[in-house]
Amino acid sequence: MNNINERATDFTLNDENGVPHSLKDYLGKKVVLYFYPKDNTSGCTSQALGFKELYEEFVKENAVIIGISKDSSSSHKKFKDKYDFPFILLSDESTKVLNDYGVYQEKSMYGRKYMGIVRTTFVINEEGIIISKEEKVNAKENPYCTLNIITNK
């Protein structure tokens with residue numbers, strides 16, 4: 001189920017403007033597919049700002065960045081506009097893709113159990129094969145570590 005050396009499961013989700021994107025649209029490019037819990041929270045904002053800061057470096061490596069959360073397209077639009085993110089944010093309100101990628105899991109906070117997104121980043125090669133899967137990533141460090149994976153440093 002979406003592990004290293006396996007073909008990434010294709011999907012189609014809408015971006016912040018309601019435009020559909022399919023993973024197969026990006027064959028021929030590296031894809032950084034990062035799943036994050038919620039727009040406009042401190043960790044998620046820090047992670048996204050890191051990807052923004054390194055965006056041109058990813059582009060030089062023929063990579064696209066795609067963030068996915070359970071938030072609505074309108075929430076993504078506000079988040080993207082507020083910080084001027086240059087990459088794609090997709091909405092998975094149904095949690096189908098989140099479940100397909102195994103990132104929608106039971107979590108616990110202050111003894112209360114709930115379902116939520118485990119911050120996870122996949123790197124997919126030009127042929128659609130997963131070459132890296134980083135789970136429970138550090139929001140602030142994740143963009144830098146992901147760039148190192150792509151550049152083989």
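What follows draws every value from the coordinates through simple rules; no lab data is involved. Small disclaimer: the values here were computed from a predicted structure and weren't measured.
Numerical summary
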read-out: Added length on full extension, which subtracts the Cα-Cα distance from 0.36 nm per residue, GLU56 to SER94; value: 10.5 nm
read-out: Per-residue HN-Hα couplings for segment 50-65 [Karplus 6.51, -1.76, 1.60; θ = phi - 60°; Hz; x = Gly/Pro]; value: x, 5, 5, 4, 9, 3, 5, 5, 5, 4, 4, 8, 6, 10, 10, 10
read-out: Most fluctuating residue given options ILE68, ILE124, ILE88, as computed from a GNM of the chain linking Cα atoms under 10 Å; value: ILE88
read-out: Radius of gyration, Dmax [segment 1-65; alpha carbons; angstrom]; value: 13.2, 33
read-out: Semi-axes of the equivalent ellipsoid for segment 70-153, Cα gyration tensor, largest first, Å; value: 23, 19, 15
read-out: Antiparallel DSSP beta bridges within the chain, as percent of all bridges there, nearest 5; value: 70
read-out: Spread of Cα-to-Cα distances over 10 Å intervals beginning at zero, given as percent, for the chain; value: 11, 44, 38, 6, 0
read-out: Of LYS77/LYS133; LYS24/LYS78; LYS80/LYS113; LYS52/LYS77, those spanning more than 24 Å from alpha-carbon to alpha-carbon; value: LYS77/LYS133; LYS24/LYS78; LYS80/LYS113
read-out: In Hz, Karplus ³J(HN,Hα) per residue of segment 111-121 (6.51, -1.76, 1.60; θ = phi - 60°; x = Gly, Pro); value: x, 9, 9, 7, 8, x, 8, 8, 4, 9, 10
read-out: Cα-based equivalent ellipsoid of segment 64-110: semi-axis lengths in Å, sorted from largest, via gyration tensor; value: 22, 13, 10
read-out: Built amide H within the under 5 Å cut-off of VAL64, gap 5+; value: LYS30, VAL31, VAL32
read-out: Space enclosed by the convex hull of the alpha-carbon atoms of segment 114-153, per residue, Å³; value: 72
